[in-house]
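*Asks:* Provided herewith is a single structure, encoded as structure tokens, for subsequent inquiry.
The values are calculated or read from the model by the stated rules, or taken from the named source; none is laboratory data. Quick caveat, the model's predicted, so the values are computed rather than measured. Cβ: placed from backbone, ideal geometry, glycine included. Neighbour counts: every protein chain shown. Ligands, DNA and RNA are excluded from the accessible area calculation, which covers all protein heavy atoms including side chains. Shrake-Rupley method; radii C 1.70, N 1.55, O 1.52, S 1.80 Å.
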Amino acid sequence: MAERARRSTLAVEDPPIDPSAVDRAYSVHRARRRARIEATRARRHARVRFWLVLLVLVGATVALAVTVWHEVQRLFGL
């Protein structure tokens, strides 16, 4: 018959903590959060920039079409 595995009777102690490691971990997490916020902000600004440029291009296209239409009417008497 098989024997049960023996359990270790040694007490497990917490490993010693490096005080500067905690500060470094906080710094890393703050930097990650700051980078995430900046990426979100940059994405939002890019989206607004895209729509503004698209609006300007559509407006310029409409203005050019109206100008061309008036010139065609003036030249050919339509």
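*Asks:* Would you say residue 23 is surrounded by 10 or more Cβ atoms within 10 Å (Cβ to Cβ), over 14 Å from the mean Cα position of the chain (by Cα) and at pLDDT below 90?
*Replies:* yes
*Asks:* Sticking with this one: Do we have residue 72 as open to solvent by 80 Å² or more (accessible area, probe 1.4 Å) and among the hydrophobic types (A, V, I, L, M, F, W, C) here?
*Replies:* Here the answer is no, as residue 72 does not meet what is asked.
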